[in-house]
Amino acid sequence: MNTPESLNSNSKNLFNLISRNWENLDKTHKTTLTKIWKVLTYKWQLQILFNLPFLVWWGLDKSITKVHEFDVYILSYLHLPDWALSFIGFGK
C-alpha cells in the first residue's frame, strides 16, 4: 500500500540523488570523476561532430520534400541494382 512516505518524490528523483552524492564527495574524488567524465564526453563530442552533417541531411530529408525528391533523383540517376537500394531503404 502506498503511504505518503513512499510517495516522496525527492528520494526517487535521480538528479537530486546524484547531486547529493556529488556534494558529499571529497575534492580528490571530484577531480578524478571530473577527469573521467571529460574523457568520455570528449569521445562523444567527436562522434557527434563526425555524424552531424549526416544528421542535418537526414533532418532536411524528413522535413523538406524537395530534398527527398533530390535524393530519389540522385538514386535513380545512379542506376543501382535492387539489392543495393534495399540496403538504404528504397528497395521493393
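The values are calculated or read from the model by the stated rules, or taken from the named source; none is laboratory data. These numbers come from a predicted model, not from an experiment. So basically every Cβ, Gly included, is an ideal-geometry build from the backbone, and we count neighbours across all protein chains shown.
Pairs meeting the criteria (first residue in the range 33-50 and closer than 18 Å to Asn21 by Cβ, second residue modelled with pLDDT of 85 or more and of a type outside the set (Lys, Arg), beta carbons under 8 Å, at least 6 apart or on different chains) are Leu33/Leu25.
Can we say Thr3 is out of contact with any helix residue (DSSP H, G or I) (no Cβ under 6 Å at 6 or more places or on another chain), polar (S, T, N, Q) and either modelled with pLDDT under 90 or surrounded by 10 or more Cβ atoms within 10 Å (Cβ to Cβ) (or both)?
For Thr3, the condition - out of contact with any helix residue (DSSP H, G or I) (no Cβ under 6 Å at 6 or more places or on another chain), polar (S, T, N, Q) and either modelled with pLDDT under 90 or surrounded by 10 or more Cβ atoms within 10 Å (Cβ to Cβ) (or both) - is met.
Look at Asp71 and say whether it is in contact with a His (Cβ under 6 Å, 6 or more places away or on another chain) and surrounded by 11 or more Cβ atoms within 10 Å (Cβ to Cβ). No.
Residues are listed down the side, and each one gets a yes or a no for (1) modelled with pLDDT under 90; (2) closer than 17 Å to Gly89 by Cβ:
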residue: Thr28; (1), (2): no, no
residue: Leu33; (1), (2): no, no
residue: Trp44; (1), (2): yes, no
residue: Leu60; (1), (2): yes, yes
residue: Thr65; (1), (2): yes, yes
residue: His68; (1), (2): yes, yes
residue: Asp71; (1), (2): yes, yes
residue: Ser76; (1), (2): yes, yes
